[in-house]
1. Restricting to region 25-52, give me the number of residues that are closer than 21 Å to residue 187 by Cα and in contact with a helix residue (DSSP H, G or I) (Cβ under 8 Å, 6 or more places away or on another chain).
2. Give just the number: which of (1) within 29 Å of residue 87 (Cβ to Cβ); (2) more than 16 Å from the ligand (Cβ to nearest atom) does residue 201 not satisfy?
3. Only one of 224, 233, 207 is in the same structural domain as residue 20 (by TED's automatic domain parsing), at pLDDT 95 or above and more than 15 Å from the ligand (Cβ to nearest atom); which?
4. Out of the residues in region 146-171 that are in a strand (DSSP E or B) and more than 16 Å from the ligand (Cβ to nearest atom), state the one that is surrounded by the most Cβ atoms within 10 Å (Cβ to Cβ).
5. Can you report the number of residues in region 120-144 which are within 25 Å of residue 170 (Cα to Cα) and touching a helix residue (DSSP H, G or I) at 6+ places or on another chain (Cβ under 8 Å)?
6. If I filter region 188-198 down to residues being more than 12 Å from the ligand (Cβ to nearest atom) and buried (at least 21 other Cβ atoms within 10 Å of the Cβ), which single residue comes out as nearest to the chain's Cα centre (by Cα)?
7. Across region 51-64, which residue is nearest to residue 87 (Cα to Cα) among those that are outside any loop (DSSP other than H, G, I, E, B) and within 12 Å of the ligand (Cβ to nearest atom)?
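The values are calculated or read from the model by the stated rules, or taken from the named source; none is laboratory data. Keep in mind it's a predicted model, so treat the numbers as computed, not measured. Cβ placement follows ideal geometry from the backbone for every residue including glycine, while neighbour counts extend to all protein chains displayed.
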Ligand SMILES: [Mg+2]
């Protein structure tokens, strides 16, 4: 695989880690996703080695991340930046949702009444259509998502792995990078953004803006400078940065 990234430098770089598909393997039921066993301890050591300059950046709610990463409470951007937590012991800050979200939600509920195989996940400020296991419904899901935002201000449809997500324009993973890079302990470091999905492209651009780079996990087009093949390679890099051997069962990382 081309463009293998250089070794991580915990004392000089800041790290932005996507969760699903980067740290945690996909599951049919998105609420059943968890870190591989031993992962949270390894991540805690990595965060410490980086002086705390590590943020988990996800489309999930931060409280969802807390449950899946317990007992770790990550510095985090959730819902692609609608939610922020700047320190493990800080409160979660939330941007108010756009009024257009309520209208889009009503349209989705009406559209999905006859389509039980496309599931609506209501994140409050964002709305996600899931069709994992029913990939033949992708075009229908896309049409429903586009119909839900038609004529509404400030909402965009973003495709992902077996999802279409409706969220507020200008709220993305790049904006999360901008926010964290302006404050300690991130400021002055070079950001490295790791992600596997289309929404991570904003994060890759954000990292480049601040003198760092992106690492795309897995296949697919990307603007990221580097690439790692899979979740196991991500954990391998985190362990290597600590001078440790990776002690996680491969079966737990796919
Ligand atoms: Mg992901």
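1. The number of residues fulfilling the criteria is 3.
2. Unmet for residue 201, out of (1) within 29 Å of residue 87 (Cβ to Cβ); (2) more than 16 Å from the ligand (Cβ to nearest atom): (2).
3. 207
4. Top of the filtered list is 166.
5. Summing the residues that are within 25 Å of residue 170 (Cα to Cα) and touching a helix residue (DSSP H, G or I) at 6+ places or on another chain (Cβ under 8 Å) in region 120-144 gives 11.
6. Only one residue fits best here, namely 192.
7. Going through the qualifying residues, I end up with 56.
Residue-wise test of (1) out of contact with any strand residue (DSSP E or B) (no Cβ under 8 Å at 6 or more places or on another chain); (2) assigned to a loop (DSSP other than H, G, I, E, B).
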site	(1), (2)
183	yes, yes
186	no, yes
194	no, no
202	yes, no
207	no, no
211	no, yes
216	no, no
219	yes, yes
222	no, yes
